[in-house]
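*Asks:* To start, I am sharing the structure in question, which I have written as structure tokens.
The values are calculated or read from the model by the stated rules, or taken from the named source; none is laboratory data. Here the structure is a predicted model, which means the values were calculated and not measured. Positions of Cβ are backbone-derived with ideal geometry, glycine not excepted, and every protein chain shown enters the neighbour counts.
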Amino acid sequence: MLRITPEQLDLARLARLAADGQRALDAGEPELAAAKLRQAEALWRGQPLADLEFEPFAHAHIQRLELLGVGNVEQRVEANSLWDAMRRWFQNSRHSSLGTRCVSGCADS
């Protein structure tokens, strides 16, 4: 009998990382979410259960795994988009704030 821990299975690690990414996204931490979801995506290699694709018993499992992979990619894209938007907003607000201070400082002189 083969004995392994859940963390030794890519599927368990992928599911944990995807859940961690979703929690980070829900908590408003898109940078952390994107990192977790990228790690989960890196575990995804090829078609799930490719050797069993013609076996009727495997169809439901394959479909579930494919949905998990697609859902992970969708969440990562969302996290990346939110993180990019937050960075742009921060950069723009920082620059406009700095510009406003410079202009008001020059006007005071």
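*Asks:* Being in contact with a Gly (Cβ under 8 Å, 6 or more places away or on another chain) and not in a loop (DSSP other than H, G, I, E, B) is true for just one of Arg64, Arg76. Which residue is that?
*Replies:* Working: Arg64 fails: in contact with a Gly (Cβ under 8 Å, 6 or more places away or on another chain).
When all the criteria are applied, what remains is Arg76.
*Asks:* If Gln91 satisfies every condition in (1) in a helix (DSSP H, G or I); (2) modelled with pLDDT of 90 or more; (3) over 23 Å from Ala40 (Cα atoms) but one, which is the exception?
*Replies:* Here Gln91 clears every test but (2).
*Asks:* Continuing with the same structure: Among the numbered criteria (1) in contact with a Leu (Cβ under 9 Å, 6 or more places away or on another chain); (2) part of a loop (DSSP other than H, G, I, E, B), which one does Ala18 miss?
*Replies:* (2)
*Asks:* Tally the residues that are assigned to a helix (DSSP H, G or I), without any contact (Cβ under 8 Å) to a residue 40 or more places away in the chain and out of contact with any Asp or Glu (no Cβ under 8 Å at 6 or more places or on another chain), restricting the search to segment 33-51. Working first, answer last.
*Replies:* Going residue by residue through segment 33-51, those that are assigned to a helix (DSSP H, G or I) are 33-42, 50-51.
If we keep only those that are without any contact (Cβ under 8 Å) to a residue 40 or more places away in the chain as well, we get 35-36, 38-42, 50-51.
Okay, now just the ones that are also out of contact with any Asp or Glu (no Cβ under 8 Å at 6 or more places or on another chain), so 35, 38-42, 50-51.
Residues that pass the stated criteria total 8.
*Asks:* Search segment 1-47 for residues being closer than 26 Å to Ser81 by Cβ and of a type in the set (Lys, Arg), and hand back the single one that is modelled with the lowest pLDDT.
*Replies:* Within segment 1-47, the subset closer than 26 Å to Ser81 by Cβ is 13-45.
Right, trim to of a type in the set (Lys, Arg) and you get 13, 16, 23, 36, 38, 45.
Details: Arg13: 91, Arg16: 93, Arg23: 96, Lys36: 95, Arg38: 94, Arg45: 82.
Checked segment 1-47; the qualifying residue modelled with the lowest pLDDT is Arg45.
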